[in-house]
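Just below is one structure, and these are the notes that go with it.
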Amino acid sequence: MKRFAALILALVMACSLLAGCGSKTNDDSNTPSDGWAPKGAVTVICPYGAGGGQDICARIFAKYAEKYCGVSFVIDNITGGSATIGNTAIANAKTDGQTLGIFTNLAYYDATITEGVAYTTDSFKQLINMCGDGTIIVARKSLGVTDTKGLMDLAASQKVIWGGPEFAGQTLPRMSLEALTGITFDHMIFDGGSSTLAAILGNNCDVTAVFPSEYASVADEDGIVAIAYTGEERLESYPDLPTVQESGYDVSFYMLRSICAPAGVSEEVAKYYTEKFEQVLNDPDFQKDMKEAGFSLYPLVGDATYDYMMEVYNAQIDNVKKAASQG
């Protein structure tokens, strides 16, 4: 009898273990067994090249998204068309939750100022915003300029080539300076900050604006000089670098970086990701990694991300149109 009871107890325990295995989800964060969760690796489309600010941010995010979602997050760099090709890929992706994108609010201007762009402000579902960054204007050292006024005076007297993706963080500061002063630069198109910096270091381009995370990789190079920061206050990481406004030009620029899905994803999918990604935003190690990479944290979750982006969009769209018409 005792042997029979022991056998029954063993069977009950085995069934319990099997039931536990059957209810285990594909992550380590207690997702309900009947709730939505990604099935296998999630693709994050990055519309800019490897090594640039957007790519660096995406890869830091992916590391922590994997921690909270329990699946791999794979960065897919789809470049070209000053990021419009990658943004189109995000907007046209399947709405099954398996494809997301790293997004910048500047993409909202594309349909207005770039011919042939089909996506609009309604083509993306914003999930979280991670940071908001100004840019550092840099030039090849042999150009001989060290501040914004020197750069603008030189551009007024001779050809100066400003490189970067059009209507992106690298070139919108240029457009703002052109619209303000009437002084124009020659343009050289690249697919991101890293390739633009390589051209400057190779003396094939004169000037650009890059994010602090991108500048950090070349800050010790002798062939490049930082001229100014486009934010309204100096950077903590580069306190000796003046702002553009300090040189007498009323120009400032910030770019927001978010994670989005294509419009049309279900509320269940959006809810899953906003809850998981909010954990990413609150992770002290994530915050530390982002700051060490040169990003300025600006956390927003869910619809608050879209609402703020549209507030910025509506405040700046007229200036962007004016700058584009003079570009």
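The values are calculated or read from the model by the stated rules, or taken from the named source; none is laboratory data. Remember, it's a predicted structure, so these values are computed and weren't measured experimentally. Positions of Cβ are backbone-derived with ideal geometry, glycine not excepted, and every protein chain shown enters the neighbour counts. Remember, those area values only see protein heavy atoms, side chains included, never the ligands or the DNA or RNA. Shrake-Rupley method; radii C 1.70, N 1.55, O 1.52, S 1.80 Å.
What do you reckon, is Ala199 surrounded by fewer than 16 Cβ atoms within 10 Å (Cβ to Cβ) and of a type in the set (A, V, I, L, M)?
no
Taking into account only those residues within segment 96-128 that are part of a loop (DSSP other than H, G, I, E, B) and touching a Lys or Arg at 6+ places or on another chain (Cβ under 9 Å), which is surrounded by the most Cβ atoms within 10 Å (Cβ to Cβ)?
The first filter runs over segment 96-128 and keeps only residues part of a loop (DSSP other than H, G, I, E, B), leaving 96-98, 114-123.
Going one step further and asking which of them are touching a Lys or Arg at 6+ places or on another chain (Cβ under 9 Å), we end up with 96-98.
Numbers: Asp96: 14, Gly97: 21, Gln98: 16.
Among them, the one singled out is Gly97.
Within the set of pairs 6 or more residues apart or between chains, which connect a residue that is farther than 19 Å from Gly182 by Cα inside segment 241-252 to a residue that is open to solvent by less than 40 Å² (accessible area, probe 1.4 Å) and not in a loop (DSSP other than H, G, I, E, B) with Cβ atoms less than 6 Å apart?
That search, which allows pairs on different chains as well, returns Leu241/Ala226; Leu241/Tyr229; Pro242/Ala228; Thr243/Tyr229.
Go through segment 214-242 and give me each residue that's touching a Gly at 6+ places or on another chain (Cβ under 7 Å), closer than 19 Å to Gly192 by Cα and polar (S, T, N, Q).
The answer is Thr230, and nothing else.
Can you name every residue in segment 79-95 that is open to solvent by less than 10 Å² (accessible area, probe 1.4 Å) and of a type in the set (A, V, I, L, M)?
To start, the set of residues in segment 79-95 that are open to solvent by less than 10 Å² (accessible area, probe 1.4 Å) comprises 83, 86-87, 90.
Listed by number, the residues that qualify are Ala83, Ile90.
Under 7 Å by Cβ, and 6 or more places apart or on different chains, what pairs join a residue from segment 99-123 that is over 12 Å from Ala168 (Cα atoms) with one that is at pLDDT 90 or above and among the basic types (Lys, Arg)?
Once the first residue is over 12 Å from Ala168 (Cα atoms) and sits in segment 99-123, its partners that are at pLDDT 90 or above and among the basic types (Lys, Arg) give Ile102/Arg257.
When the residues of segment 124-156 are narrowed to those that are at pLDDT 95 or above and of a type in the set (S, T, N, Q), which ends up nearest to Pro284 (Cα to Cα)?
That would be Asn129.
Among the residues of segment 46-55, are any under 23 Å from Glu166 (Cβ atoms), open to solvent by less than 10 Å² (accessible area, probe 1.4 Å), assigned to a strand (DSSP E or B) and touching a helix residue (DSSP H, G or I) at 6+ places or on another chain (Cβ under 8 Å)?
For segment 46-55, residues under 23 Å from Glu166 (Cβ atoms), open to solvent by less than 10 Å² (accessible area, probe 1.4 Å), assigned to a strand (DSSP E or B) and touching a helix residue (DSSP H, G or I) at 6+ places or on another chain (Cβ under 8 Å): present.
Taking Cys205 as meeting all but one of (1) open to solvent by less than 10 Å² (accessible area, probe 1.4 Å); (2) at pLDDT 95 or above; (3) under 23 Å from Arg234 (Cα atoms), write down the number of the exception.
(3)
Determine which member of the set Val280, Val225 is open to solvent by less than 20 Å² (accessible area, probe 1.4 Å) and either closer than 30 Å to Thr43 by Cβ or touching a residue at least 12 places away in the same chain (Cβ under 8 Å) (or both). Quick ask: steps written out before the conclusion?
Numbers: Val225 fails: open to solvent by less than 20 Å² (accessible area, probe 1.4 Å).
Being open to solvent by less than 20 Å² (accessible area, probe 1.4 Å) and either closer than 30 Å to Thr43 by Cβ or touching a residue at least 12 places away in the same chain (Cβ under 8 Å) (or both) holds for just one of Val280, Val225, which is Val280.
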